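The structure appears below as structure tokens.
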Amino acid sequence: MTHPPTHLPEIVRWSAARMADSLARKEVSAVEVVQAHLDRIAAVDGAVHSYLHVDADGALAQARAVDDARVAGADLHVMAGVPVAVKDVVTTAGLPTTCGSRILQGWVPPYDATLVTKLRAAGMPILGKTNMDEFAMGSSTEHSAYGPSRNPWDLDRIPGGSGGGSSSVLASFQAPLAIGTDTGGSIRQPAAVTGTVGTKPTYGGVSRYGLVALASSLDQAGPCGRTVLDTALLHAVMGGHDPRDSTSIVAPVPEVVRAAQLADVAGLRIGVVRQLRGEGYQPGVQERFDEAVALLVEAGASVVEVDCPNFAYALAAYYLILPSEASSNLAKFDAMRYGLRVAPEGVNEPTAEQVMAASREAGFGDEVKRRIILGTYALSSGYYDAYYGQAQKVRRLIAQDFARAFETAHVLVSPTAPTTAFRIGEKLDDPLAMYLNDVATIPANLAGIPGMSLPSGLAAEDGLPAGFQILAPAMCDERLYAVGSALERALIGRWGGHLLDRVPDLAPATQEVHGG
């Protein structure tokens, strides 16, 4: 096993739970924690490109406020002083929010998303905004207008998408926690290929107020961390009802932290989904998955196979529903009120429509344009029922498949992604091949149920992380954390340490980038 890099300050390797405990005991200050991460960002982000914006002054100011409050004896949140990175699709007052797009370059929103308000209220310093595929459209973060993020395991490979910035920031030890969003797998798939943990909560379990919408019926913000407990701690901060979000569930946050701490799977029935394994899955990914299932059995769970036949149509339904909703949501980027405005060439007194067309042509990337065109077509007169309407019927059938499966099993499991991380540029010119990366994650978004990915080990073929996906019924998010934590403990025992202890030292690559 590769030993931790000796140059890496020990504090950035701590789990968020350990940071929180050390801060509460006054063994370390919030300023020291934040500064250690800012130093790490300065050292390695030139190579990894996890961040689009780093707010050093703001993070240190928030950290000083926490330290002052702690010295004064204030009753602080358990996570006060633990820093976090936020995906750039989440609005942050005073900080740029670009959604990885040129059309919003430099836009600074005047308000915070609800989840950001909750982070600030808990005293969690925000380190910065993480890179992403433009408007969350992509499976690799190669569609960012500001260049791709890279996978710390191999800088020539993708860190997943659309939230590759939030996953790579964790795997490169540039933040202990991160916020992601998941429309079809954009939290879980990046977690899988970087050896980190990511959860898509039940739809409506975390407020969507302040998320720049891609597909409103699918989008869901969620927590990302390096351990299951860390992810649960962040979930508890960001979850809960929000009256400003009409889709927000009026219910308490599930007991996710307690479930992660107990890690009890005795008597649980684990359903292996027949349609989410086998053909098309990399042998090493499947091998790690089978081993993980066996470890859950050793921990006291039982295994049943479940059949979800309509999952075969999930990918097709998703890629009609998402573009249709995106076509509607992105219509507001019209160059009239905010964002990029481009004057058309050779026109002395352009109309609003001409300015809009020129601005959208210059501001949107190829993938965004592709999906807008597809969605507009699917919603057009004469085609709505044939395409969008049929896709919604398939969506209902997929929800029914889940309902039947959960009558047999407490949770369902599968590999998170069919393969490990592919090379940057390998699938960029083949959109259909790129879309297939989300084949195992999309059903959960269509049904609105919660899902988690955690590392199951390294694939034998390439030595890269593989992901293990857990799915639970709506509002049963705590089951993800119980099963995930039990599996994590078993795997760490088998590996003799955390998987991320094996991430290669980034210092040589960083020096090369800075020197070039």
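The values are calculated or read from the model by the stated rules, or taken from the named source; none is laboratory data. Everything quoted here is computed from the prediction, not taken from an experiment. Using ideal geometry, Cβ is built from the backbone for each residue, glycine included, and neighbour counts are taken over all protein chains shown.
When you look at Ala403, is it part of a loop (DSSP other than H, G, I, E, B), at pLDDT 95 or above and hydrophobic (A, V, I, L, M, F, W, C), yes or no? I'd like the intermediate steps shown before the answer.
Working: part of a loop (DSSP other than H, G, I, E, B): no; at pLDDT 95 or above: yes; hydrophobic (A, V, I, L, M, F, W, C): yes.
No: the conditions fail for Ala403.
Looking only at the range 320-370, count how many residues are of a type outside the set (A, V, I, L, M), part of a helix (DSSP H, G or I) and touching a helix residue (DSSP H, G or I) at 6+ places or on another chain (Cβ under 6 Å). Quick ask: steps written out before the conclusion?
Going through the range 320-370, the residues of a type outside the set (A, V, I, L, M) turn out to be 323-325, 327-329, 332-334, 337-339, 341, 344-346, 348-351, 353-354, 359-361, 363-367, 369-370.
Next, only the ones that are part of a helix (DSSP H, G or I) stay: 323-325, 327-329, 332, 353-354, 359-361, 363, 366-367, 369-370.
When the remaining residues are screened for being touching a helix residue (DSSP H, G or I) at 6+ places or on another chain (Cβ under 6 Å), the result is 323-324, 327, 363.
Number satisfying all stated conditions: 4.
I'm trying to understand the selection: among the residues of the range 252-275, which are closer than 22 Å to Cys308 by Cβ and touching a helix residue (DSSP H, G or I) at 6+ places or on another chain (Cβ under 6 Å)?
Taking the range 252-275 first, the residues closer than 22 Å to Cys308 by Cβ are 265, 268-275.
Within the range 252-275, Val265, Ile270, Gly271, Gln275 qualify.
Please list, ordered by first then second residue, the pairs with beta carbon atoms under 9 Å, 6 or more apart or interchain, first in the range 59-73 and among the polar types (S, T, N, Q), second assigned to a helix (DSSP H, G or I).
Hits for this filter: Gln62/Ala30; Gln62/Val34; Gln62/Arg120.
Sort out which residues of the range 65-113 are among the polar types (S, T, N, Q) and either over 18 Å from Asp55 (Cα atoms) or surrounded by fewer than 18 Cβ atoms within 10 Å (Cβ to Cβ) (or both), and write them in order of number. Can you show your working first?
Of the range 65-113, the ones among the polar types (S, T, N, Q) are 91-92, 97-98, 101, 105.
Of everything in the range 65-113, those that are among the polar types (S, T, N, Q) and either over 18 Å from Asp55 (Cα atoms) or surrounded by fewer than 18 Cβ atoms within 10 Å (Cβ to Cβ) (or both) turn out to be Ser101, Gln105.
Pairs, please: C-beta under 7 Å, at least 6 apart or cross-chain, first residue more than 23 Å from Arg370 (Cα to Cα) and in the range 417-433, second surrounded by 19 or more Cβ atoms within 10 Å (Cβ to Cβ) and hydroxyl-bearing (Ser, Thr, Tyr)?
Correct list of pairs: Pro418/Tyr281.
Specify the residue that is surrounded by the most Cβ atoms within 10 Å (Cβ to Cβ); the eligible residues are those in the range 387-431 that are of a type in the set (D, E, K, R) and within 27 Å of Ala460 (Cβ to Cβ). Walk me through how you get there before you give the answer.
Of the range 387-431, the ones of a type in the set (D, E, K, R) are 393, 395-396, 401, 404, 407, 423, 426-427, 429-430.
Among the residues that remain, those that are also within 27 Å of Ala460 (Cβ to Cβ) are: 423, 426-427, 430.
Details: Arg423: 13, Glu426: 16, Lys427: 19, Asp430: 10.
For the range 387-431, the residue satisfying everything is Lys427.
Name the single residue that is modelled with the lowest pLDDT among those in the range 466-516 being more than 21 Å from the chain's Cα centre (by Cα) and among the polar types (S, T, N, Q).
Gln511
Before we move on, is Lys26 at pLDDT 95 or above and surrounded by 16 or more Cβ atoms within 10 Å (Cβ to Cβ)?
Working: at pLDDT 95 or above: yes; surrounded by 16 or more Cβ atoms within 10 Å (Cβ to Cβ): no.
For Lys26, the condition - at pLDDT 95 or above and surrounded by 16 or more Cβ atoms within 10 Å (Cβ to Cβ) - is not met.
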